[in-house]
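The structure appears below as structure tokens.
The values are calculated or read from the model by the stated rules, or taken from the named source; none is laboratory data. Computed from a predicted model, the values in this text were never measured in an experiment. Cβ: placed from backbone, ideal geometry, glycine included. Neighbour counts: every protein chain shown.
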Amino acid sequence: MKISYVILFSFLMILLLFAATTYINFKQSEKINENHELLARSSIILKQSNRFQRNILNMVSGLRGYLLTNEVFFIQSYDSAMLENDEILDELSVLIKDSVQQKNLLEGISELNKYWINEFALPLIEARKNATASDSSMNAFNKLYRAKLVTGMEKEINRSLQKKFKEFSNHEYAVREQQKLALSSFIQRTKNISFSLTLFSFIAGMAIAIFIATHISSGIVKMVHMADSISKGEYTVSMEAEGKDELGKLGRSLNNMARILSENISLLQRKNDELNQFAYIVSHDLKAPLRGIDNVVTWIQEDHLHELSPKVVEYLELIKGRIIRAENLLNGILSYSRVGRELQPNEVVDVNELLEEVQGYLPEKPGITLHIEKNMPKLFTEKLPLMQVFMNLIVNAYKYHTKANGSVQVYHTKNDHYYEFYVEDDGPGISKEYHKKIFMIFQTLENRDSFESTGVGLAIVKKILDDRKLTIRLNSEPGTGSTFIFTWPLNEIV
Amino acid sequence: MRVINILLVEDDNLDVIDVKRTLDKMAIVYNMKVAKNGEEAIRLLHDKRDSFTVKPDVIILDLNMPKMNGLELLQILRSSEDWKDIKIFILTTSEENEDKQAAKQYGISGYIVKPLKFNNTGSLDAFNLMIDLMNMQN
């Protein structure tokens, strides 16, 4: 799967988990609100039922007062309590509409109340009203009053009412308690769920982050290793690249690139080797006929000189000169093609001793002196290539020196990465436009007829340094002398 | 003094002239047959009608030849009892040291370096040996 899909999918999953957590918390607050409303309603119900009971007491005492004193004031108190109770009943029936049990109780209460009013209070009030005019009516009232009391009906009604009210409030309290329990268990559950969800999204997020980080980083580390190997010259490297994700694709592209690179490099190496071999064979085989021509010319000169005209003798000399030049060129190609690509084994090289050896091979040139720095380093390196570089540079400095008195100086500097060796002369100097050209094979700045040089020395120097990824540069202007500076690896022996 | 019989095995005409010219200069009196390669040399050695070449005194042998090269011919010559006492000189260019080394194990009498120069001690020794041979009484 693509890494971008994994990232997208992971974020979506975490978002979904958080959305679920939020939704659950929202539901919980809704539930709490609902419960709050329920409690508020329940409080009103209880309050109104208490008022109802108080009103009944007011009605009873109003009725008693009226019956004893015949004051209208008491009837008014009785009436207002009765009217209020009607309203309370309406209100309560609305509030408790959900509960069948409460409805039944409330209907019972309402009925008992009505029964008390119709069967007990109203007849007595009527009788008391009529008892004002005559004794007989007073007697009738007294008689009725006693009769009503004797039956104990009022007591019975009151007890029933009290009992129903008790049940009514008890039920309300029970409902409240139940609600409270349900709510607290709901809150606990919500807490658990939202904690689990949060924990789960945290763990999932961490796991995804770790997966992506390690996966990407290990892939990148592999690629870095591979690129490092390639830059060190190991072209036949490859890496595991099996995944279908972007890293896998990149890995396969890298493998492909390395393979093509390696093919091209080995092709290049093969071509280069072929070219070297070709140069060697051609120059070697050309030497035989050239030597034959030289032989014949020599025989003519040695055995038949007296038979020749002076012109022929002169032309034969010209032939000899051209033969020598051709032989020099062939020798140049031979030695250039012999500069091996293979590295020589390292050995202990005292550069001062090496330069003394070079000095022994130098052509005699009066007036030119060689100054070698006393403290050249001791190295563990390839001796022959280093010697050849020094030799060709110093020989050139000698060969092309035009002044009667001159000097060639050899010294060095050192930095963190390599040595720099200097071969400096106070000879004629080289114009800037030729600074590149002189390192190419068979390029000489001298007229061929005036100077025997093959133009191979600097090409060999360049080849030796190029093969080892080292560099050479030239500081020179006509008239100021030349300084060749080349780098060499830091394999110093302390 | 006698005339020495020389079989020169050499494919390059120029080198043949070179050898002859040097022999003349050294005042060596010789009778020479030239074979262009190893096979021809063997054929000449087997030809009974030929007066001298049945058994030459000296064979001068170029190592670098087409068909049968000098080393192969050396092997054949040295494995036969008939030709065992023939003096063999190797004709070589100074660079071809490997061939020279390989030839030494077959018991050669010396080598001559091409092109022929009198300042070459190896070549000089070879010609002096031939002069000794010429001066030897039968």
Kindly evaluate A:Arg270 against the criterion of being modelled with pLDDT of 85 or more and more than 14 Å from chain B (Cβ to nearest Cβ). yes
Being at pLDDT below 85 and small (Gly, Ala, Ser) is the filter here, so list the residues in region A:98-120 that pass it. A:Ser99
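So, A:Val237, is that one over 30 Å from A:Arg338 (Cα atoms) and touching a Ser or Thr at 6+ places or on another chain (Cβ under 7 Å) or not?
On the way: over 30 Å from A:Arg338 (Cα atoms): yes; touching a Ser or Thr at 6+ places or on another chain (Cβ under 7 Å): yes.
Yes, satisfied.
Residues checked against (1) within 17 Å of A:Ile464 (Cβ to Cβ); (2) in contact with a His (Cβ under 6 Å, 6 or more places away or on another chain); (3) crowded, with 16+ Cβ neighbours inside 10 Å:
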{"position": "A:Glu353", "(1), (2), (3)": "no, no, no"}
{"position": "A:Leu362", "(1), (2), (3)": "no, no, yes"}
{"position": "A:Tyr419", "(1), (2), (3)": "yes, yes, yes"}
{"position": "A:Pro428", "(1), (2), (3)": "no, no, yes"}
Considering only region B:71-100, state which residues are in a loop (DSSP other than H, G, I, E, B) and over 17 Å from B:His46 (Cα atoms). B:Ser94, B:Glu95, B:Glu96
Filter result for the condition that a residue is in contact with an Asp or Glu (Cβ under 7 Å, 6 or more places away or on another chain), over 30 Å from A:Leu124 (Cβ atoms) and surrounded by fewer than 17 Cβ atoms within 10 Å (Cβ to Cβ), over A:Leu39, A:Leu46: A:Leu46
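Here's the yes/no breakdown for (1) part of a helix (DSSP H, G or I); (2) in contact with a Cys (Cβ under 8 Å, 6 or more places away or on another chain); (3) touching a residue at least 24 places away in the same chain (Cβ under 8 Å):
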residue: A:Lys191; (1), (2), (3): yes, no, no
residue: A:Ser201; (1), (2), (3): yes, no, yes
residue: A:Ser217; (1), (2), (3): yes, no, no
residue: A:Val221; (1), (2), (3): yes, no, no
residue: A:Asp228; (1), (2), (3): yes, no, no
residue: A:Glu240; (1), (2), (3): no, no, no
Looking at region B:76-93, can you tell me whether even one residue there is within 14 Å of chain A (Cβ to nearest Cβ), more than 19 Å from B:Asp24 (Cα to Cα) and either at pLDDT below 85 or under 13 Å from the mean Cα position of the chain (by Cα) (or both)? yes
Here is a check on your reading of the model: is A:Leu57 within 30 Å of A:Met153 (Cα to Cα) and surrounded by 13 or more Cβ atoms within 10 Å (Cβ to Cβ)? no
Quick check: is even one residue across region B:57-74 in contact with a Lys or Arg (Cβ under 6 Å, 6 or more places away or on another chain) and more than 14 Å from every other protein chain (Cβ to nearest Cβ)? yes
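Of everything in region A:411-434, what is farther than 13 Å from A:Ser482 by Cβ and outside any loop (DSSP other than H, G, I, E, B)? Give them in sequence order. Quick ask: steps written out before the conclusion?
Of all residues in region A:411-434, those farther than 13 Å from A:Ser482 by Cβ come to A:411-421, A:433.
Result: A:Tyr411, A:His412, A:Thr413, A:Lys414, A:Tyr418, A:Tyr419, A:Glu420, A:Phe421, A:Glu433.
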Taking B:Asn31 and the conditions (1) more than 13 Å from every other protein chain (Cβ to nearest Cβ); (2) surrounded by fewer than 18 Cβ atoms within 10 Å (Cβ to Cβ); (3) at pLDDT below 85, which numbered condition does it fall short on, given that it satisfies the others? (3)
Restricted to region B:9-26, and to residues that are free of Cβ contacts under 8 Å to residues at least 60 places away in the same chain and among the aliphatic types (A, V, I, L, M), which residue is nearest to the other protein chains (Cβ to nearest Cβ)? B:Leu14
Condition (residue is touching a residue at least 60 places away in the same chain (Cβ under 8 Å), within 19 Å of A:Tyr5 (Cβ to Cβ) and exposed (fewer than 15 other Cβ atoms within 10 Å of the Cβ)) applied to region A:246-257: is it met by at least one residue? yes
Report yes if A:Ala20 is out of contact with any strand residue (DSSP E or B) (no Cβ under 6 Å at 6 or more places or on another chain), of a type in the set (Gly, Ala, Ser) and surrounded by 12 or more Cβ atoms within 10 Å (Cβ to Cβ), otherwise no. yes
Considering only residues of region B:101-122 that are touching a residue at least 24 places away in the same chain (Cβ under 8 Å) and in a helix (DSSP H, G or I), which is farthest from B:Met1 (Cα to Cα)? B:Ala102
Among the residues of region A:131-143, are any in the same structural domain as A:Leu17 (by TED's automatic domain parsing), part of a helix (DSSP H, G or I) and of a type in the set (Ser, Thr, Tyr)? yes
Can you say whether B:Lys104 is within 14 Å of chain A (Cβ to nearest Cβ) and either closer than 27 Å to B:Arg43 by Cα or more than 15 Å from the chain's Cα centre (by Cα) (or both), as far as the supplied structure shows? no
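For A:Glu263, are the conditions met, namely being outside any helix (DSSP H, G or I) and either more than 14 Å from chain B (Cβ to nearest Cβ) or surrounded by 15 or more Cβ atoms within 10 Å (Cβ to Cβ) (or both)?
Working: outside any helix (DSSP H, G or I): no; either more than 14 Å from chain B (Cβ to nearest Cβ) or surrounded by 15 or more Cβ atoms within 10 Å (Cβ to Cβ) (or both): yes.
Taking the combined requirement at face value, the residue does not satisfy it.
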